[in-house]
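What follows is a set of notes on a single structure, which appears directly below.
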Amino acid sequence: MLAGGWLAAGSWTFGYGGRPEAWSDLAGGLVLMALAGLSLRPGLGVAAQWASAGVGVWLMLAPLVFWADSAAAYVNSTLVGSLALTFAILTPRNALEAETRGTDVPPGWSYNPSAWSQRAPIIAMAFLGFFFAQYMAAFQLGYHDVPWDPFFGDGTRRVLTSSVSKAFPVSDAGLGAVAYLIEALTGFAGGTRRWRTMPWLVLVFGLMVVPAGVVSIVLIILQPVAVGAWCGFCLITAVTTLLMISPAADEIVATLQFLGRERREGRLWVSLWKGERGDRTGAGSAPSASAVANDPGRPSWIANALGLTTITPTLALSAALGAWLMLSPAVFGNSGSVAVSDQLVGPLVITVAVIALAEVGRSVRWINLPFGLWLIAAPWILGGATGAGRWNDLVVGALVIAFSIPRGRVTERFGGFERYLV
């Protein structure tokens with residue numbers, strides 16, 4: 001209620017009254033205050049909370065929709081929107097989660113994929129991506145004139161003002177900032193049992209992380225191909241997104257396994273939305289969370305969460321080869337369609353290799369096999385390859401294939417999912 005009042009008065013306080021974003025803030029603030037009051041009434045609390053969350057998401061998007069020409073409007077609306085989402089959904093659900101019983105670790109698993117040690121790196125990387133994306137959005141919205149690029153000089157400005165960026169009806173960097181912020185907030189939601197107490201939230205969280213990663217890769221691919229420039233901060237945010245995919249994947253697997261068990265017992269729909277708050281998940285079939293956390297032989301939680309407990313050298317080398325492919329056209333003088341091929345395949349090889357670093361995603365590495373075959377064939381099919389560039393693609397393609405075959409060590413248990421990690 002206080003946040004709504006702050007927002008409603010903000011346009012006059014910060015000097016952007018009379019503009020579309022000011023009217024949006026006024027309406028959003030008043031609606032938040034009304035919904036906060038309704039949430040106190042029996043029978044209306046849950047509906048009012050969800051409506052407040054919807055208002056919060058709108059407030060995050062409103063400055064982008066209206067192309068707010070006031071930085072104060074952008075910051076104020078984003079801040080209150082995130083607070084509304086937090087107080088309406090995350091805090092009440094976390095209080096409910098604290099009342100649940102049962103095991104933390106899924107049946108047959110050797111660790112808890114919903115543990116804070118798993119989610120903390122995701123939250124940190126989401127916030128990092130948010131800060132970089134918000135900086136780029138501030139340039140697109142006109143709050144500063146020249147964006148700084150730590151690596152590529154004028155590259156960030158050229159990418160953010162390109163036809164690709166302008167094809168979006170709103171600031172594409174601003175959309176990325178909203179996505180990162182929601183990912184960070186949903187990372188906080190729920191406790192260490194949310195893989196079975198909040199299945200819907202885990203699936204939404206996964207949908208937020210994985211598609212965002214794919215979009216980031218697509219935008220990176222379009223930079224040299226469609227714009228002819230690189231954006232340093234875009235690359236940083238893409239790396240953070242890629243690193244978020246691996247630690248998010250295991251929680252999604254555990255949730256899908258739980259929903260599969262509930263479907264066999266005829267409780268799928270109810271369990272999807274309400275979860276399981278008893279102890280029907282096989283307590284005792286896996287070590288307790290405390291036992292796992294206190295195991296002196298267990299790798300550090302940061303390494304475990306990022307999928308780095310058993311670094312597979314072949315996958316690390318595959319990612320390095322993908323980065324080399326992105327640079328090779330400039331090094332060897334490739335041009336035309338073969339240069340485009342290298343700049344397209346390179347980020348895809350990196351993406352597959354990074355996802356496969358996580359033990360639960362190890363089978364994804366096979367996707368790099370057709371990429372390797374294409375690299376071998378492309379210089380002989382496409383035009384623009386120099387002699388050295390042709391042999392470079394052939395060698396890199398052969399190495400990508402060779403590095404995609406070994407699975408590497410899998411030390412954790414995933415409740416029977418190990419049989420899919422071929």
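All of the numbers you see were taken from the coordinates with simple rules; none came from a lab. Bear in mind the structure is a predicted one, so any value in this text is a computation, not a measurement. Positions of Cβ are generated from backbone atoms using ideal geometry, with glycine treated the same way; all protein chains shown enter the neighbour counts.
Please report, to two decimal places, log10 I(q)/I(0) for segment 1-99 at q = 0.13, 0.16, 0.17, 0.19 Å⁻¹ as given by the Debye formula with identical point scatterers on the Cα atoms and no solvent. After summing over all Cα pairs, the log10 values are -0.42, -0.61, -0.67, -0.80. Neighbour counts of other Cβ atoms within 10 Å put Phe66, Phe371, Phe205, Phe131 in the fewest-to-most order Phe131, Phe66, Phe371, Phe205.
Restrict the search to segment 172-269; then list the GluC sites (Glu not before Pro) that DSSP places in a loop and that have at most 15 other Cβ atoms within 10 Å of their Cβ.
Working: sites: Glu183, Glu251, Glu262, Glu265; in loops: Glu265.
Loop-located and lightly packed - Glu265.
Å³ per residue of the Cα convex hull, for segment 96-165?
Details: hull volume 12.4 nm³, N = 70.
Spelled out: Cα convex hull of segment 96-165, divided by residues, is 177 Å³.
Kirkwood radius, segment 157-276, all distinct C-alpha pairs, inverse of mean reciprocal distance: 16.0 Å. Taking N as the residue count of segment 84-206, its C-alpha radius of gyration divided by 2.2 N^0.38 Å amounts to 1.36.
Would you mind estimating how fast segment 171-239 diffuses translationally, via Stokes-Einstein at 4 °C and 1.567 mPa s with the Kirkwood radius over Cα pairs, in µm²/s?
Numbers: Rh = 13.4 Å.
The estimated diffusion coefficient comes to 96 µm²/s.
Distance between the pseudo-spin-label points of Val204 and Ala323 (7 Å out from Cα toward the beta carbon): 3.6 nm.
Around the amide H of Trp109, modelled in the peptide plane, lie the amide H atoms of Gly415, all under 5 Å away and 5 or more residues distant in sequence or on another chain. Across the chain, Cα-Cα pairs farther apart than 36 Å form 36% of the total. Over segment 313-420, the pair-distance histogram of Cα-Cα distances with 10 Å bins from zero comes to 16, 46, 24, 10, 4, 0 percent, rounded to whole numbers. The GluC sites (Glu not before Pro) of segment 1-110 that DSSP puts in a loop, and whose beta carbon has at most 12 other beta carbons within 10 Å, are Glu99. Take 358-367, 404-413 and order them by the average number of nearby Cβ atoms within 10 Å per residue, most first; the result is 358-367, 404-413.
Helix screen, the chain: DSSP H segments with Cα axial length of 20 Å or more and mean Kyte-Doolittle hydropathy at least 1.6 are 199-222, 336-357.
Less than 14 Å Cβ to Cβ from Ala62, Lys/Arg counted +1 and Asp/Glu -1: what total charge do the surrounding residues give?
-2
Pairwise alpha-carbon distances in segment 202-272 exceed 17 Å for 55% of all pairs.
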